[in-house]
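Novice: The structure is given below, and queries will be raised subsequently.
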Amino acid sequence: MMGRSMHALLSRLYPICRSLTGEGVRRTLSILREYLPGLEIREASSGTSCLDWTVPREWNIRDAWVEDETGKKWVDFRQCNLHAVGYSAPVDAWLTPEELDACLYSLPEQPRAIPYVTSYYAPRWGFCVPHELREKMKKHPGRFHAVIDSELKQGSLTYGELALPGETDREVLLSTYICHPSMANDNLSGPVTMAFLARWLSERPRRLTYRALFIPETLGSIVYLSRHLEALKAKVVAGYVLTCCGDERAWSFLPSRAGNSLADRAARHVLSHHTPGWVEYSFLTRGSDERNWCAPGVDLPVASIMRSKYGTFPEYHTSLDDLSLVTDKGLSEALEVYKLCLEALEGNAVWRATRLGEPQLGKRGLYPTVSFAGSAEGWVRDMKNILAYSDGEHDLLSIAELVGAPFTRCLEIAEKLTAAGLLAYSSD
Ligand code: ZN
């Protein structure tokens, strides 16, 4: 059921032409705000310096097409918004097929796919077309009329920020991007999963504070860091970049640069217990905003759990990454895995055993009478092992790893032991 609602949101966002800046981003955020009423929409003006970058002019596009002398449209932005190169300057020109071909982009190895191409920082215009169409256009005997009805103007870069305060100001950073036009796995699966994850968080008690950022990729994290670096460095204890999490293929993990942060440990633990066959990538293969969150001097503990990782699946950055690639099941599974990670972060703490030596479990009703999903023996063993490592040093996540049991089970045991007076909270 949840997957169906997630896919419905994804389908609603899919037709919007998003880019680094512009109305498509604002429309996307206003739809997301229906799900997250606390979502604040923020702007950074064109020309603003942020770290080593400058916010560019705002880009908007109304229409684009290529027609022949008879008025027949060969390329139509209204059929697919990937047809216009992102950030294309306006154009209205009659061109020979050779002249037009210099402004076309296609993929010879995927002759039916329309590639996703942008040119944010070098002014140009262009059309992205299936390679087989490009071959036909080259042979056309007449001229083509190329029109891009776009505008580059002094405006702003837009992003969304949702803060969900908890009991402590120790913070979890959740980041996703909202800058790709009509593509599903990369990238709408990210913001859709994050919207449902944040809504779930907003409805439950929270020990930790959560900050959910819906930003244009790369420049959005640069802008955010230029405004909030010190606060992030002081508060963030873990974070994730949500992207490419809607198909049903491999589970992929990209660790933070440090590689052993709380976010990494929670993710590896959850993946090991819930997603057989998951693959760990090297930080060398990073490609999204962890490039900035984990940069030297920023050093935030931000990792990423994905299904088919960007750059590794054949539909990546083409029109083939469409609504059929991302499924109800894929989306809802990604949501569940992220929920498990956040539950591990919420429940993780350091406890200390209150008795010297192994306590007598029987007289507290903890020994033979407890049953848990099958094996009472396994339950008692895990209970004794959790007591054995509750030394005021190991946190529960590391104990769960030592015990080899899922965190949720270890947390349930730790809570029972605490209620029986055998464990005392020590620290986070
Ligand atoms: Zn991408």
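Novice: Angle, helix 2-13 long axis vs. longest principal axis of the chain, Cα atoms, 0 to 90°, nearest 10?
Specialist: Helix 2-13 and the main axis of the chain meet at about 30 degrees.
Novice: Let me ask you something else. Under 19 Å from a point placed 7 Å out from the Cα of Lys139 along the Cα-to-Cβ direction: which residues of the range 97-114 have their backbone N that close?
Specialist: 97-102, 106-113
Novice: For the range 350-427, calculate the relative contact order in percent as a whole number, restricting contacts to Cα pairs under 8 Å that are 6 or more residues apart.
Specialist: The value is 47 percent.
Novice: Please list 3J(HN,Hα) in residue order for the range 313-327, calculated via the Karplus relation 6.51 cos²θ - 1.76 cosθ + 1.60 where θ = phi - 60°; whole Hz, with x for glycine and proline.
Specialist: 10, x, 7, 3, 6, 9, 5, 6, 7, 10, 5, 7, 6, 9, 10
Novice: I would also like to ask the following. How far apart, in nm, are two points set 7 Å out from the Cα along the Cα-to-Cβ line at Ala8 and at Ala258?
Specialist: Here the answer is 4.1 nm between the modelled labels.
Novice: Could you grab the relative contact order for the range 1-98? Cα pairs under 8 Å, six or more apart, rounded to a whole percent.
Specialist: 18 percent
Novice: Please work out the average accessible area per residue across the chain, using the 1.4 Å probe convention, and give it in Å².
Specialist: Computed with neighbouring chains in place, this is 41 Å² per residue.
Novice: Where does the chain land at 222 nm, in deg cm²/dmol rounded to the nearest 500, when only DSSP H runs of n ≥ 4 count, each adding -39500 (n - 2.57), divided by all residues?
Specialist: -10000 deg cm²/dmol
Novice: Please list, in order along the range 21-35, the HN-Hα scalar couplings obtained from phi with the Karplus expression 6.51 cos²θ - 1.76 cosθ + 1.60 (θ = phi - 60°), rounded to whole Hz, x for Gly and Pro.
Specialist: Once θ is set to phi - 60°, the couplings for the range 21-35 become 9, x, 5, x, 5, 5, 5, 4, 5, 6, 5, 4, 5, 4, 8 Hz.
Novice: Which ³J(HN,Hα) values in Hz, rounded to whole numbers, follow from the phi angles of the range 54-61 under the Karplus curve 6.51 cos²θ - 1.76 cosθ + 1.60, where θ = phi - 60° and Gly and Pro get x?
Specialist: 10, 5, x, 5, 7, 10, 9, 10
Novice: A further question follows. To the nearest 10 degrees, how steep is helix 407-419 against the longest Cα principal axis of the chain, on a 0 to 90 scale?
Specialist: Around 30 degrees separate the two axes.
Novice: Still on this structure: Could you compute the FRET efficiency for Thr48 and Lys384, with r as their C-beta to C-beta distance and R0 at 51 Å, rounded to 0.05?
Specialist: The value I calculate is 0.30.
Novice: Find the relative contact order for the chain and round it to a whole percent, using C-alpha pairs within less than 8 Å whose residues are 6+ positions apart.
Specialist: 16 percent
Novice: Also: Enumerate the amide H contacts of Tyr105 below 5 Å, restricted to partners 5 or more residues apart or on another chain; note that Pro and chain-start residues carry no placed amide H.
Specialist: Phe127, Cys128, Val129
Novice: Separate question: How much length is gained if the chain between Asp68 and Glu99 is pulled fully straight, taking 0.36 nm per residue apart and subtracting their Cα-Cα distance, in nm to one decimal?
Specialist: 9.8 nm
Novice: When only the heavy atoms of the protein chains count and the probe is 1.4 Å, how do His269, His140 rank by accessible area, highest first?
Specialist: Correct descending sequence by accessible area is His140, His269.
Novice: Right, something else. To the nearest 20 debye, what is the magnitude of the charge dipole of the range 58-153 about its Cα centre, counting +1 on the Cβ of each Lys and Arg and -1 on the Cβ of each Asp and Glu?
Specialist: 160 debye
Novice: Using the per-residue mean of other Cβ atoms lying within 10 Å as a proxy for protection, in what order, highest first, do the peptides 28-40, 305-317 fall?
Specialist: For the peptides 28-40, 305-317, the packing ranking is 305-317, 28-40.
Novice: Work from the charge dipole of the chain (Cβ charges, +1 for Lys and Arg, -1 for Asp and Glu, about the Cα centre) and give the residue of Ser11, Ala419, Phe77 farthest towards its positive end.
Specialist: Projecting each Cα onto the dipole axis, the largest value belongs to Ala419.
Novice: Using the alpha-carbon centroid of each, what span in Å lies between the range 163-227 and the range 237-301?
Specialist: Cα centres, the range 163-227 to the range 237-301: 15 Å.
Novice: Okay, next question. Amide H of Ser46: which non-local residues (sequence gap of 5 or more, or other chain) have their own amide H closer than 5 Å, using H built in the peptide plane?
Specialist: Correct list: Gly155, Ser156, Leu157.
Novice: Follow-up. Based on Cβ point charges of +1 for Lys and Arg and -1 for Asp and Glu, what charge dipole magnitude is obtained for the chain about its Cα centre, in debye rounded to the nearest 20?
Specialist: 660 debye
Novice: For a label point 7 Å from the Cα of Arg27 along Cα→C-beta, name the residues of the range 322-352 whose backbone N is under 20 Å from it.
Specialist: Residues 322-324 fall inside that zone.
Novice: Do any chymotrypsin sites (Phe, Trp or Tyr not before Pro) in the range 84-190 lie in a loop, going by DSSP, with at most 13 other beta-carbon atoms within 10 Å of their beta carbon, and if so which?
Specialist: Here the sparse-neighbourhood loop sites are Tyr121.
Novice: Given axes a ≥ b ≥ c from the Cα gyration tensor, I'd like to know whether the range 58-153 is rounded (a/c under 1.5), prolate (a/b larger than b/c) or oblate.
Specialist: Note, shape of the range 58-153 comes out oblate.
Novice: In debye to the nearest 20, how big a dipole does the range 350-427 give about its Cα centre with +1 on each Lys and Arg Cβ and -1 on each Asp and Glu Cβ?
Specialist: Computed about the Cα centre, the dipole is about 340 debye.
Novice: Now for a different question. Under the rule of at least 5 residues apart or a separate chain, name every residue whose amide H is placed under 5 Å from the amide H of Trp251.
Specialist: Sorted by chain and number, the residues that satisfy this are Val279.
Novice: Answer with one residue from Thr408, Leu356, Ile386: the one whose Cα lies farthest towards the positive end of the charge dipole of the range 350-427, charges on Cβ with Lys, Arg +1 and Asp, Glu -1.
Specialist: Towards the positive end, the residue furthest out is Leu356.
The values are calculated or read from the model by the stated rules, or taken from the named source; none is laboratory data. All of these numbers come straight from a predicted model, not from anything done at the bench. Don't worry about glycine lacking a Cβ; one is built from the backbone with ideal geometry, like all the others, and counts go over all protein chains shown. Remember, those area values only see protein heavy atoms, side chains included, never the ligands or the DNA or RNA. Shrake-Rupley method; radii C 1.70, N 1.55, O 1.52, S 1.80 Å.
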